[in-house]
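Written below as structure tokens is the structure these notes are about.
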Amino acid sequence: MRINFHTDREFDLIAIGRACMDLNAVEYNRPMEETMTFKKYVGGSPANIAIGAAKLGLKSGFIGKLSDDQHGRFIEQYMREAGVDTSNMVIDREGHKTGLAFTEIKSPEECSILMYREDVADLYLQPSEVSEEYIKKSKILLVSGTALSKSPSREAVLKAIKYAKQNDVKVVFELDYRPYTWGSSEEVSVYYSLVAEQANVVIGTRDEFDMLENVVEGNNETTIRYLFAYSPELIVIKHGVEGSYAYLKTGETCKGLAYLTKVLKTFGAGDSYASAFLYALITGKDIETALKYASASAAIVVSKHSSSEAMPTAAEIEALIKERS
């Protein structure tokens, strides 16, 4: 089973949401209190997915708001040089700053992120700064959940989805749940449900789908029964080392196995998974193959220090799949 996309669009994928800064601990296997040096990278789930897609050879663009300072200029320059179209990135003129994520790598199993997300520029994207002309040029609009956590960003995203639906652009919702940006689980469920019901493809972990449904311990069958009553045609639910499941509205189910690797850190896997999965779908591969690409890409990124810079090429993904087959 394959997903069909328009072939006459300028962009394969346009992502909307946060582009921020990751400051990853250079010294491993110690708590952050003892970490003295960090290396900076571009971060933020939709930014990483756009970068990953560009590295795989897709034409990707980005809609977001950047701080009017050195960090904002670094992000724009890095993404542009990585092959992402930055023409619809907006510069904040009200003094809001770039979000920062300090990462702690105590061990491969014990990693954490210390976030600075108060009044960050990306959450001040205005609905008036979203262009229908830009969105209609794409095969996919990629939305990530964190952009829904505050106004006016959430309204900007909802407007972007409206434009996508009006112009037959596939909406892909990457749940990207980050607890530190939300007021309550009820608020998460309201906005996640609103977007998931309009999306064509929904991707997330089992825990993230639990947040969407506002349940303690949900199950896949209940999730797909609920969402397939609405717009989604493909739902991907990830279960960590147990692998992932792709459910199609037509009734088929595919299971993807996780590729085991020497893990350095646990973050970045979801973004690399999504970019490779969408790359495989856009280039005409079937769902089963797309799950392999996604798992292989995630395995590569968790074995490396960064998220954005570690995004693999198609050749690297294919080499890992071949090695493990």
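Just a yes or no: is a residue in the range 105-113 more than 19 Å from residue 268 (Cβ to Cβ) and touching a residue at least 24 places away in the same chain (Cβ under 8 Å)? Among the residues of the range 105-113, not one is more than 19 Å from residue 268 (Cβ to Cβ) and touching a residue at least 24 places away in the same chain (Cβ under 8 Å), which makes the answer no.
Looking across the range 3-43 at every residue that is touching an Asp or Glu at 6+ places or on another chain (Cβ under 6 Å) and assigned to a loop (DSSP other than H, G, I, E, B), the one that is surrounded by the fewest Cβ atoms within 10 Å (Cβ to Cβ) is identified as 35. Residues that are open to solvent by 30 Å² or more (accessible area, probe 1.4 Å), of a type in the set (S, T, N, Q), closer than 29 Å to residue 28 by Cα and touching a residue at least 24 places away in the same chain (Cβ under 8 Å): does the range 262-279 have at least one? Checking the range 262-279: at least one residue is open to solvent by 30 Å² or more (accessible area, probe 1.4 Å), of a type in the set (S, T, N, Q), closer than 29 Å to residue 28 by Cα and touching a residue at least 24 places away in the same chain (Cβ under 8 Å).
Quickly run through the range 111-124 and pick out the residues that are of a type in the set (Ser, Thr, Tyr) and either on the phi > 0 side of the Ramachandran plot or surrounded by 18 or more Cβ atoms within 10 Å (Cβ to Cβ) (or both).
Listed by number, the list holds a single entry, 124.
Against the numbered list (1) modelled with pLDDT of 95 or more; (2) closer than 20 Å to residue 142 by Cα, residue 181 comes up short only at (1).
Would a scan of the range 287-310 turn up a residue that is in a loop (DSSP other than H, G, I, E, B) and under 27 Å from residue 192 (Cβ atoms)? Yes, that holds for at least one residue.
In the set (1) open to solvent by 20 Å² or more (accessible area, probe 1.4 Å); (2) in a strand (DSSP E or B), residue 62 fails one condition alone, (1). The residues of the range 289-303 that are more than 10 Å from residue 272 (Cα to Cα) and open to solvent by 10 Å² or more (accessible area, probe 1.4 Å), listed by number, are 289, 292, 303. Taking residues in the range 5-33 that are closer than 22 Å to residue 181 by Cα and of a type in the set (A, V, I, L, M, F, W, C), and partners anywhere that are open to solvent by less than 50 Å² (accessible area, probe 1.4 Å) and part of a loop (DSSP other than H, G, I, E, B), the pairs with Cβ atoms closer than 6 Å and at least 6 places apart or on different chains are 19/44; 20/44; 20/98; 20/99; 21/98. Looking only at residues of the range 89-110 that are touching a Phe, Trp or Tyr at 6+ places or on another chain (Cβ under 7 Å) and open to solvent by less than 30 Å² (accessible area, probe 1.4 Å), we find that the one that is nearest to residue 55 (Cα to Cα) is 89. Checking every residue in the range 244-260 against the condition of being charged (D, E, K, R), surrounded by 13 or more Cβ atoms within 10 Å (Cβ to Cβ) and within 20 Å of the chain's Cα centre (by Cα) gives zero matches.
On the stretch given as the range 73-95, residues that are outside any helix (DSSP H, G or I) and over 14 Å from residue 309 (Cα atoms) total 11.
Among the residues making up the range 114-136, those that are acidic (Asp, Glu), under 17 Å from residue 66 (Cβ atoms) and touching a residue at least 24 places away in the same chain (Cβ under 8 Å) are 122, 129.
The values are calculated or read from the model by the stated rules, or taken from the named source; none is laboratory data. Owing to the predicted nature of the structure, the values given are computational and were not obtained by experimental measurement. Glycine also receives a Cβ, built like all others from the backbone with ideal geometry; neighbour counts cover every protein chain displayed. All accessible areas refer to the heavy atoms of the entire protein, side chains included, with ligands and DNA or RNA removed. Shrake-Rupley method; radii C 1.70, N 1.55, O 1.52, S 1.80 Å.
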